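One structure below.
The values are calculated or read from the model by the stated rules, or taken from the named source; none is laboratory data. In this text, all values refer to a predicted model and were calculated from it rather than measured experimentally. Positions of Cβ are generated from backbone atoms using ideal geometry, with glycine treated the same way; all protein chains shown enter the neighbour counts.
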């Protein structure tokens, strides 16, 4: 289970179950009580409640800082 305080806008997060398009990686677009996530595979946007996000998120794949450096 991933601690939501470790996640920031722009981070790429891997979920336990993949999206129907096959991608398990999501870009965080909003944090707070609800988390906004955009699928890195197909671009689908989803809003998840904080409790549901805590259960679904597995790990931070890439942080926003490393994405800017590249």
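Residues that are in a loop (DSSP other than H, G, I, E, B) and at pLDDT 90 or above: does segment 43-58 have at least one? Quick ask: steps written out before the conclusion?
Going through segment 43-58, the residues in a loop (DSSP other than H, G, I, E, B) turn out to be 43-44.
From what's left, at pLDDT 90 or above: 43-44.
Checked segment 43-58: at least one residue is in a loop (DSSP other than H, G, I, E, B) and at pLDDT 90 or above.
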- Show the residue pairs that are 6+ apart or on different chains and have beta-carbon atoms under 8 Å apart, the first residue being within segment 43-70 and more than 11 Å from residue 26 (Cα to Cα), the second being modelled with pLDDT under 90 and assigned to a helix (DSSP H, G or I). 50/4; 53/4; 54/4
- Item | Selected residue (only one of 13, 46, 7 is within 12 Å of the chain's Cα centre (by Cα) and surrounded by fewer than 17 Cβ atoms within 10 Å (Cβ to Cβ)) | 46
- Item | Those residues of segment 17-34 which are at pLDDT below 95 and within 16 Å of residue 3 (Cβ to Cβ), in sequence order | 31, 32, 33
